[in-house]
1. When residues of region A:99-126 are filtered for being part of a helix (DSSP H, G or I), in contact (Cβ under 8 Å) with a residue 24 or more places away in the chain and over 23 Å from residue A:28 (Cα atoms), how many remain?
2. Given the conditions (1) among the polar types (S, T, N, Q); (2) facing chain A (nearest Cβ under 9 Å); (3) farther than 19 Å from residue A:221 by Cα, which single one is not true for residue B:99?
3. Among what's in region B:156-173 and is in a helix (DSSP H, G or I) and of a type outside the set (A, V, I, L, M), pick the residue that is nearest to the other protein chains (Cβ to nearest Cβ).
4. Taking into account only those residues within region A:8-28 that are among the charged types (D, E, K, R) and modelled with pLDDT of 90 or more, which is farthest from residue A:90 (Cα to Cα)?
5. Sort through B:19, B:63, B:47, B:30 and tell me the only one that's assigned to a helix (DSSP H, G or I), over 24 Å from the mean Cα position of the chain (by Cα) and modelled with pLDDT of 80 or more.
6. Determine, yes or no, whether residue A:201 is within 22 Å of residue A:67 (Cα to Cα), surrounded by 20 or more Cβ atoms within 10 Å (Cβ to Cβ), more than 12 Å from chain B (Cβ to nearest Cβ) and modelled with pLDDT under 90.
7. Can you pull out every residue in region A:74-98 that is of a type in the set (A, V, I, L, M, F, W, C) and more than 15 Å from residue A:222 (Cα to Cα)?
8. How many residues, within region B:81-94, are within 13 Å of chain A (Cβ to nearest Cβ) and either surrounded by fewer than 22 Cβ atoms within 10 Å (Cβ to Cβ) or not in a helix (DSSP H, G or I) (or both)?
Amino acid sequence: MLNTFVAVLRRDLLLAWRGRADVLVTLAFFVIVVCLFPFGVGAEPNLLRAIAPGVLWVAALLACLLSLHRLFAQDHVDGTLEQLLLSSEPAVLWVMAKVLAFWLSTGLPVVAVAPVLGLLLDLEQGAYPVLVISLALGTPILALLGAVGAALTLGLRGGGMLLALLVLPLFVPVLIFGAGAVEAELSGTGATAHLLLLGGGLAGALALAPWACAAALRVSTE
Amino acid sequence: MSRPDRGPSILRFAAPQNFYPLAGRLAPWFAGIAAVLTVVGLWLGFFVAPTDATQGEVYRVIFIHVPAAWMSMFVYLVMAFWSAVGLVMNTRLSFLMSQALAPTGAMFCVVALWTGALWGRPTWGAYWVWDARLTSQALLLFLYLGFIALTRTIEDPRRADRAGALIALVGAVNVPVIYFSVQWWNTLHQGASVSLTRAPSMAATMLAGMLVMAFAAWAYTLAVALWRVRPMILERERHAEWVGAVLTREAQRQGGRT
């Protein structure tokens with residue numbers, strides 16, 4: 001069983017590595033969205049410092065959303081997905097591997113770049129560890145929830161907008177606790193509670209989302 | 001899966017063929033009940049219930065606002081229930097019921113948000129505040145819209161049914177969040193005034209008006225969902241023989257051409 005997991009994980013990571021441009025586009029999108037905010041709200045440092053946690057989180061969320069369609073689309077087009085579904089291996093297993101590979105190739109770079117963008121917005125020094133931890137806990141939840149939406153909208157016309165409408169309401173609690181963690185750290189109340197809730201959310205999503213996603217893939221391909 | 005006939009059972013209405021005439025018979029009754037209860041409820045709310053000591057006459061919007069908010073959340077749970085039943089038991093009618101309920105739920109969401117804004121302006125001084133419960137209500141509306149958009153976009157009915165059912169179940173996780181959000185983020189919206197465990201903090205006539213309106217909303221939802229599901233059944237079952245028979249009969253009753 002573990003072999004399947006590792007094989008799918010390695011395959012998807014290899015594909016992501018061969019198609020590095022996609023990952024870089026996601027990162028560039030993340031950077032550009034963050035850079036748009038000073039143009040929109042003005043370059044007043046105090047204002048930027050105040051909105052930095054929220055801006056970084058929203059941008060990370062959008063970057064994740066826009067890359068979600070890649071999760072299953074290619075495999076759906078070339079028939080890999082059907083073969084995987086037909087195989088005797090449990091679907092939950094390779095769905096988890098695919099989501100993990102997706103997160104490693106899009107979520108992790110975003111987490112790594114976020115502190116640099118925090119510098120652009122003059123985020124206070126003490127908040128960086130919490131920003132990174134909250135993103136590291138939160139973006140996997142986004143990937144897991146988004147995978148369900150991506151599986152449901154597989155191959156539909158206008159699938160991108162539909163996917164956004166489906167998953168953005170579900171992303172909101174993650175955004176609240178993720179950005180809330182950074183703000184709680186800045187206001188001095190400590191981010192532990194928020195981070196624990198994010199961790200709990202991740203555990204819950206890990207337990208439930210792969211099953212929903214596997215069921216959704218079956219619905220979409222039959 | 002044919003089982004030996006054990007006489008009339010409620011389950012036989014799970015067959016679209018039996019449910020179609022039943023829905024047609026029940027819907028007018030629920031519509032009538034809804035109309036009567038709405039008149040009684042609004043009369044209680046606007047003429048009998050006393051003026052609120054602190055909020056004045058503005059509070060009377062709760063007679064529409066609270067039942068609509070309750071109903072919007074409850075309809076989502078019913079949708080999720082029918083979706084689960086459909087996925088587990090593989091019954092076509094369950095999916096149709098959840099799809100027939102969705103527009104009504106979305107409508108109640110809009111009514112709750114709209115009346116809430118009208119109440120918030122004189123009371124809080126703003127049409128909209130980013131309070132947890134308002135925000136969750138708006139999110140519930142988005143969940144409804146997502147469900148409706150997904151089921152309408154997918155052309156294959158079987159896939160549309162199942163995909164909608166899955167997203168309804170996933171979204172149902174959000175409904176408890178709505179309800180407990182007031183306790184989680186202690187914010188501007190007043191806590192629930194009606195609770196089953198302690199005495200209600202409002203006059204008996206106010207409570208009566210609100211409950212009557214809640215039942216009116218309930219009956220309205222039943223009537224509309226039953227009416228909405230009937231053409232959906234006909235469209236989905238159009239290859240079946242009984243649909244042709246039903247259509248011929250209805251055309252004859254109207255005295256029109258067949």
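The values are calculated or read from the model by the stated rules, or taken from the named source; none is laboratory data. Remember, it's a predicted structure, so these values are computed and weren't measured experimentally. Note that each Cβ is placed from the backbone with ideal geometry, even for glycine, and that neighbours are counted across all protein chains shown.
1. Adding up the residues that qualify gives 1.
2. Looking at each condition in turn, residue B:99 falls short on (2).
3. B:162
4. By that ranking, first place goes to A:18.
5. On inspection, the qualifying residue turns out to be B:47.
6. no
7. If we filter region A:74-98 for residues that are of a type in the set (A, V, I, L, M, F, W, C), which is where we start, we get A:77, A:81, A:84-86, A:91-97.
Once the filter is applied, which keeps residues that are of a type in the set (A, V, I, L, M, F, W, C) and more than 15 Å from residue A:222 (Cα to Cα), region A:74-98 yields A:92, A:93, A:94, A:95, A:96, A:97.
8. Step one: of region B:81-94, the residues within 13 Å of chain A (Cβ to nearest Cβ) are B:83-84, B:86-88, B:90.
Subsequent filtering for residues that are either surrounded by fewer than 22 Cβ atoms within 10 Å (Cβ to Cβ) or not in a helix (DSSP H, G or I) (or both) retains B:84, B:87-88, B:90.
Selection size over region B:81-94: 4.
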